[in-house]
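The values are calculated or read from the model by the stated rules, or taken from the named source; none is laboratory data. Nothing here was measured: the structure is a model prediction, and the numbers come from that model. Cβ coordinates were reconstructed from backbone atoms using ideal geometry, including for glycine residues, and neighbour counts include every protein chain displayed. We work out accessible area using only protein heavy atoms, side chains counted, and drop any ligands, DNA or RNA first. Shrake-Rupley method; radii C 1.70, N 1.55, O 1.52, S 1.80 Å.
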Amino acid sequence: MRDSMDALVGPVRELREEFVAMTEPVRPALWRYALRLTGSPWDAEDLVQETLLRAFGRLANFWQPIEDVRAYLFRIASNAWIDGLRRSGAAVDSLETVAEVAAPRGPDPAEVAEVVEELIRALPPRQRAIVLLTGAFDFTAREVAAMLGCTEGAVKAALHRARATLRSGASRRSEPAGAPPAPDPLLERFVDAFNRHDPDAIAALLEEHAATDIVGVAEEHGREVIRQQSIAEGMASPIRQRAAVAAVAGEPVVAVFADLPGRGEALMWLIRLSGTEGRICRWTAYFFTPELIRHAAAELGLPAAPAGYRYAAPAPPS
């Protein structure tokens, strides 16, 4: 029996690389689905990452072929979102079959597109998922029933109720925009150190036991580890980068722009910082999250230059 899990790390990373490559074609649609469910780009990315983690972790428990990767991921995303709402204490609607609804037509795609933002806020959770799965992502009622663990009749009944809600105009509610985020001195200090290309100044902002989450790829724990690994590698990048504080979905974050030959500056990655007493406790880097970067760039009215989904170690010096 092994005394340490270290021997498992290499093989698991290799399997994860294969898993990421296999699921990569589904990721853009999965992210759009998560965004429509949650209504927030940050929550959408969290849901995608939780989905991938659950999907990878459950592979060893499957004793039957996974023939449809897309359906497998969408099923996990749907249930992960509903489970999260239930844990938070939010009301989650049940699905019952309505006898008089035999075979209603699917939701009109134009109708779904027109009211999608209002629908996100108005429909009960399961109805929201079902309308999006059938109307925007082309799953059949039978496929959705298998995803959500219910009957095909219950799915059709939920569609019937959702259409009635949409047609009643109940979903056409607007909410006042929130106030612009207040300036954050910690973000400003981080940006200043980053733009001065000063790894020691960046490390000095970290609490001793700080953690870094390079979303979907790696974790680091402890200021010295972060200083020696991600900060050192970031400062050694041959790509000219500039950081600035920006508001994405109403939240102040650090936006990092790459200076690309012939293209000028483009949004490359995002950083969210959380701290206490003027020190960073957690540093979340959205580098390998291309859908989030494109969404944020569009919100900021800027071009995007996202990385892919996978980390490529820098080549050793020649």
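Between Ala177, Ala210, Ala170, Ala182, which is in contact with a Phe, Trp or Tyr (Cβ under 8 Å, 6 or more places away or on another chain) and at pLDDT below 95?
None of the other options fit; the residue is Ala210.
Does at least one position in the stretch 281-292 carry a residue that is over 21 Å from Trp42 (Cβ atoms) and of a type in the set (Ser, Thr, Tyr)?
No, the stretch 281-292 contains no residue that is over 21 Å from Trp42 (Cβ atoms) and of a type in the set (Ser, Thr, Tyr).
Does Ala113 satisfy the condition of being closer than 19 Å to Trp31 by Cβ, at pLDDT below 85 and open to solvent by 40 Å² or more (accessible area, probe 1.4 Å)?
Yes; evaluated as a whole, the condition is true for this residue.
Here are some conditions: (1) under 30 Å from Val248 (Cα atoms); (2) over 9 Å from the mean Cα position of the chain (by Cα); (3) surrounded by fewer than 19 Cβ atoms within 10 Å (Cβ to Cβ); (4) of a type in the set (S, T, N, Q). Thr51 meets all but one. Which one does it not meet?
(3)
Any chance you could count how many residues in the stretch 258-268 are open to solvent by less than 50 Å² (accessible area, probe 1.4 Å), over 20 Å from the mean Cα position of the chain (by Cα) and modelled with pLDDT of 85 or more?
Residues meeting the conditions: 2.
Tell me which of these Arg87 doesn't satisfy, since it passes every other one: (1) touching a Phe, Trp or Tyr at 6+ places or on another chain (Cβ under 7 Å); (2) exposed (fewer than 11 other Cβ atoms within 10 Å of the Cβ).
(1)
Return a yes/no flag: does the stretch 233-248 have any residue that is of a type in the set (A, V, I, L, M), touching a Lys or Arg at 6+ places or on another chain (Cβ under 6 Å) and crowded, with 16+ Cβ neighbours inside 10 Å.
no
Just for the stretch 213-250: of the residues that are more than 30 Å from Phe19 (Cβ to Cβ) and in a helix (DSSP H, G or I), which one is modelled with the lowest pLDDT?
Met235
Could you please find all residues in the stretch 1-56 being over 18 Å from Ala71 (Cα atoms), part of a helix (DSSP H, G or I) and among the polar types (S, T, N, Q)?
Correct list: Thr38 only.
Among the residues in the stretch 240-247, are any free of Cβ contacts under 8 Å to residues at least 24 places away in the same chain and charged (D, E, K, R)?
Looking for residues that are free of Cβ contacts under 8 Å to residues at least 24 places away in the same chain and charged (D, E, K, R), one finds at least one in the stretch 240-247, hence yes.
Does the stretch 191-212 hold any residues that are part of a helix (DSSP H, G or I) and either farther than 17 Å from Ala243 by Cα or touching a Leu at 6+ places or on another chain (Cβ under 9 Å) (or both), and which are they?
Once the filter is applied, which keeps residues that are part of a helix (DSSP H, G or I) and either farther than 17 Å from Ala243 by Cα or touching a Leu at 6+ places or on another chain (Cβ under 9 Å) (or both), the stretch 191-212 yields Ala193, Ala204.
Does the stretch 58-77 contain at least one residue that is free of Cβ contacts under 8 Å to residues at least 40 places away in the same chain and buried (at least 20 other Cβ atoms within 10 Å of the Cβ)?
Yes.
Quickly run through the stretch 269-283 and pick out the residues that are surrounded by fewer than 18 Cβ atoms within 10 Å (Cβ to Cβ) and assigned to a strand (DSSP E or B).
Across the stretch 269-283, the qualifying residues are Ser274, Thr276, Arg279, Cys281, Arg282.
Taking interchain pairs and intrachain pairs at least six residues apart, which have beta carbon atoms under 7 angstrom, with the first residue in the stretch 269-283 and on the phi > 0 side of the Ramachandran plot and the second of a type in the set (A, V, I, L, M) and modelled with pLDDT under 95?
Gly278/Leu186
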